1. Would you kindly calculate the mean projected area, averaged across all directions, of the convex hull enclosing the Cα atoms of the stretch A:203-282, in square nanometres?
2. Other chains near B:292-305: what is the mean number of their Cβ atoms within 10 Å of each residue's Cβ?
3. List the chymotrypsin sites (Phe, Trp or Tyr not before Pro) within the stretch A:176-214 that fall in a DSSP loop (any state other than H, G, I, E or B) and whose Cβ has at most 12 other Cβ atoms within 10 Å.
4. Enter the per residue convex hull volume of the stretch A:10-55, computed from alpha-carbon coordinates, in Å³ rounded to the nearest integer.
5. Suppose you put the label 7 Å out from Cα in the Cβ direction; list, shortest first and in nm with one decimal, how far A:Arg184 is from each other copy's label.
6. Within the stretch A:280-319, which trypsin sites (Lys or Arg not before Pro) sit in a loop by DSSP and count at most 12 neighbouring Cβ atoms inside 10 Å?
7. Find every distance from the label point of A:Glu270 to the corresponding label point in the other copies (7 Å from Cα along Cα→Cβ) and write them in nm, one decimal, shortest first.
8. What are the residues whose amide H is under 5 Å from the amide H of B:Ala160, where those residues sit 5 or more places off or on another chain and H is modelled from the backbone?
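The values are calculated or read from the model by the stated rules, or taken from the named source; none is laboratory data. In this text the structure is predicted, and so the values were computed from the model without any measurement. Because the Cβ atoms are built from the backbone with ideal geometry, glycine has one as well, and the counts that use them run over all protein chains shown. Keep in mind that these areas ignore ligands, DNA and RNA; they rest on the heavy atoms of the full protein, side chains included. Shrake-Rupley method; radii C 1.70, N 1.55, O 1.52, S 1.80 Å.
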There are 2 protein chains.
Amino acid sequence: MARDSTRPTSRDVARAAGVSQAAVSLVMGDKWRGRVSETTAERVRRAAHDLGYRPNLAARNLRLGRTRTVLLVVPALTTEFFAGVYTGAARVAAEHGFGVVLYPSPEGIGPARDPFASAQAALDGVIASSMAADALTAIRGDQLPLVMLDSDPAGSTGAATVNLDIADGIRQVADHLLALGHRRFLHLAADVGSWTFEVRARELAARLAAVPGSALRTAHAPLSIEGARSATEAALSGPGPRPTALVCDDDKLAAGAYKALRRLGLRVPEDVSVTGLDDLALATAIDPELTTVRLDAETFGERGMRALLDVLDGRVPSRDDIPVDLVVRGSTAPPPGD
Amino acid sequence: MARDSTRPTSRDVARAAGVSQAAVSLVMGDKWRGRVSETTAERVRRAAHDLGYRPNLAARNLRLGRTRTVLLVVPALTTEFFAGVYTGAARVAAEHGFGVVLYPSPEGIGPARDPFASAQAALDGVIASSMAADALTAIRGDQLPLVMLDSDPAGSTGAATVNLDIADGIRQVADHLLALGHRRFLHLAADVGSWTFEVRARELAARLAAVPGSALRTAHAPLSIEGARSATEAALSGPGPRPTALVCDDDKLAAGAYKALRRLGLRVPEDVSVTGLDDLALATAIDPELTTVRLDAETFGERGMRALLDVLDGRVPSRDDIPVDLVVRGSTAPPPGD
DNA sequence: ACGCATGAGTTATACGTAAAACGTCGGACG
DNA sequence: CGTCCGACGTTTTACGTATAACTCATGCGT
């Protein structure tokens, strides 16, 4: 863990390649046609790669007086709408070599802070969700202080982790449904290769394995309402006794399940009980309101940040899972004929 | 529009205050107790304020080799969940003098880009939603190239604007409902002082004013499902003939209206037709699926970015409103007894 | 009268990069 | 034969800041 081994500079690369710093700058900046020979350029590129050289952005920005970065100010982060706005802007920006940074105007974040204070340069550390798996390899490239959100604590990474106690949430769901009398379960699982989702499946299976006479089937669906609808419809159209309880990996999947059940002429909760996980606004927008597990996102974010500050101070963050709560609403009831 | 008049540096402040650059740095950095007299410090502060001095972050970061900025990597921006994560993290970060920058892992934004490329330093320009009104004054402080999203084009600001053609969307909604035979309308208006929402009210009133025998009432609600529910319930419990069509300022308000109607024992669309605006996932999650106006958020973002690039190149962005489309689903039908 | 601490500043330097200005060396051209 | 030019680099400088090291009175105890 040589965390603070100072990063290589263009001068280090120059030394390694046996050229001047200026030559490195020319090669890295792709402005060397006619100024540096192909063989030398290749030597520089190899040295840069070997050393893991990455230009210091602060220095570059200072030198150029320009950042190719743009700020997008949005009312808040809660809307899917502005997520789309960001996506579109970022695509065009990328085409022009620009980056986009988000400034969600604060909502209870102390006094009105300078909107640019949060849009400053490079990074001291990283907080990463395990769901952003694609970005993680790149993050590993730099060895920045890292905190993982909802990642396997036993993972080989050694990074600090902060987790929601999803396993306990699933136990609470299972216990609630078992207490109502349910025995035949369908697990509507998100088709995403991420630790949080694996935990759901594992814990539900474990809990039901301890109950004689219980049955568990699983249907996989992409994380969208439409995907969940069709997966649920397919699963419930199959042969065999119909499950009486539908445990969904998150609220969005549950919304899709509602639509499938409606099409099949089944009522919630009279014919089938449904549970979600997240407790988004969506959970109370659908009818009947969804029994789900409330995840305290803000606490999650706070703990993640605190853990990162610990790492930055050389402390080892205290490992503790954030508790979650079952919220019982109108989508669960005793199974039919009970 | 002296846009490119180079920003003042600490040396300029020093000159104006008649001290050395180092003194300015000490005063601005709040590390002057016992190093600079109170009177001199005050003189420096006044000079800095008069010149509109703001420290160059690139230089500061380069000097300190540290940024007090942290990156939050999230799977995408679409979830309310991660919005909460951001809020929590940003609050703690602010308490510790840190900023938070978002890196939504790209979704179809070219090849897997360096996750840090989008998290670079200061700003060449700003794209701002008119809904983030609180942040705008601060933005005005720096005179960065600015593009406004959905703001009054006749605004006194003079900034470039890119707008969705919301007025036309409302016209389409009104025409659709009028064609179905509706004459008594209730406008469920968002209680937000922002141009986009003013347009909705104005345009609906204008369209209905041209139809003899039509009636329009208005109910105001905060932008939340619960707020919309109680506002709708209150409005429909009043005296007088009940409206047969409910025009909502956005989909979320429509979801709240659904709940109110359900409580009042009214069916959608048999008793009351409902329309939304946005076309979020929520619109198809509720039952019946919502007739609404689709806003193409990505195009919106793209146009905003393109306009900013125009401004940066010294060109005047072409003014054009982005068209929107009515999406007819199951929440609208002829009024009862028609 | 001398040393010494303290207040109030200033001077000088380094951070890492980009690029303008400057060599050098061989060959082509008049 | 002089010289001009292109290929291939190197030396140097500037970007704006933070801070360590230095200067220089002034007051004070002995």
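1. 5.6 nm²
2. Details: counts 0, 0, 0, 3, 3, 11, 10, 3, 6, 14, 9, 3, 6, 14.
Other-chain Cβ atoms within 10 Å of each residue's Cβ, averaged: 6.
3. Working: sites: A:Phe185, A:Trp195, A:Phe197; in loops: none.
Qualifying residues, ordered by number: none.
4. Numbers: hull volume 2.6 nm³, N = 46.
Convex hull of Cα atoms, per residue: 56 Å³.
5. 4.8
6. On the way: sites: A:Arg294, A:Arg303, A:Arg306, A:Arg315, A:Arg319; in loops: A:Arg315, A:Arg319.
Here the sparse-neighbourhood loop sites are A:Arg315, A:Arg319.
7. Distances between equivalent label points, in nm: 1.5.
8. Under 5 Å from the amide H of B:Ala160 lie the amide H atoms of B:Leu146, B:Met148, each far enough along the sequence or on another chain.
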